[in-house]
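For reference, the structure discussed in these notes is given below.
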Amino acid sequence: MEKIRYERRKLEKVLEIYHALKLSCKLPRDSIKRSSWQNFAHELAIKTGRTVGDVPYSKKELEDLFDNSVTPILYEISFLDLVRVFEHIVFDLVDNASGKIEKIIKESKEAYPFHRCAASFVKSPTKRDITNLGHIQEILAGHLTPDLDKKLDRIVKYRNWLAHGNRFKYEDRKDQPTPPGEIEEIAEILEEILRRIRPNS
C-alpha cells in the first residue's frame, strides 16, 4: 500500500509542477490585458537580445506568443513528463512481475517444449524487451476495458507524435493526432491503468 501511495505522489508531483508552471504563465499573460504589459515586454526584450532601435514587443505579439507557443509547449512538456513518470512506475512493476514469474517457472517441474529455457521468455525492461509506452500497450492488450484501451491508444499515439512526428513542422500535417485531453484527465487515465495492473488496488 505504501508503494502505491509513493507512485501516486510521483504522478501528483508532475501535476503540481504543471499547475505551478501554468500559474507562472498566467500571471504575465493576464498582465498583458492591463497597462503593466510593457514591463514584461521590456524584460523579454532584454532576455531575447532586442536592443534600442529594434521593434519593441507589441501587445498583440505577446498575446500570440502566449496563446500559440507558450501554452501549447507547456502542455506538451507536461504531457511527456507525465508519460515518463508513468513508464518508470510501470517498468518497476514489470521488473517485479518478471521476477515472480521467473521464480514460478524455475520451480515448475513440468516438462514441455523449451521448458529448460522458459525463463528467457519472460519480458523485462532490464533485458530491453520493454522500452516504451507502446510495449506496455501491447502487454495490456485485451486486459483493459474497451474505453480505457481507446484512451491509452490516444495517449500512445500523441506521445509518439510528440517524440518523433512533431520534429517535422508542416502546417498541413494530416497525421497529427489531437491531444488526448487535459493533463489532469490524462493523469486520471494513467492512474486507472495502474489500478488495473496492480492486484487488489
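The values are calculated or read from the model by the stated rules, or taken from the named source; none is laboratory data. Model, not experiment: these values are computed from the prediction. Here the Cβ is made from the backbone with ideal geometry for all residues, glycine too, and neighbour counts use every protein chain on show.
Worth a mention:
- Residue in the stretch 56-68 that is touching a Leu at 6+ places or on another chain (Cβ under 9 Å) and not hydrophobic (A, V, I, L, M, F, W, C) present: yes
- Some residue of the stretch 111-118 being surrounded by fewer than 17 Cβ atoms within 10 Å (Cβ to Cβ), in contact (Cβ under 8 Å) with a residue 40 or more places away in the chain, out of contact with any Asp or Glu (no Cβ under 7 Å at 6 or more places or on another chain) and not in a helix (DSSP H, G or I): no
- Residue among 166, 160 that alone is of a type in the set (S, T, N, Q), modelled with pLDDT under 85, within 17 Å of residue 80 (Cβ to Cβ) and part of a helix (DSSP H, G or I): 166
- Set side by side, the residues 69, 78 differ, and just one is without any contact (Cβ under 8 Å) to a residue 40 or more places away in the chain, out of contact with any strand residue (DSSP E or B) (no Cβ under 6 Å at 6 or more places or on another chain) and in a helix (DSSP H, G or I), which is 69.
- Test: residue in the stretch 31-52 that is within 30 Å of residue 198 (Cα to Cα), assigned to a helix (DSSP H, G or I) and either polar (S, T, N, Q) or at pLDDT 90 or above (or both): no
- Any chance residue 89 is touching an Asp or Glu at 6+ places or on another chain (Cβ under 9 Å), touching a residue at least 12 places away in the same chain (Cβ under 8 Å) and surrounded by 16 or more Cβ atoms within 10 Å (Cβ to Cβ): yes
- Residue among 134, 181 that alone is of a type outside the set (Ser, Thr, Tyr), at pLDDT 75 or above, within 13 Å of the chain's Cα centre (by Cα) and part of a helix (DSSP H, G or I): 134
- Residue-level check: of (1) under 30 Å from residue 198 (Cβ atoms); (2) surrounded by 16 or more Cβ atoms within 10 Å (Cβ to Cβ), residue 95 misses just (2).
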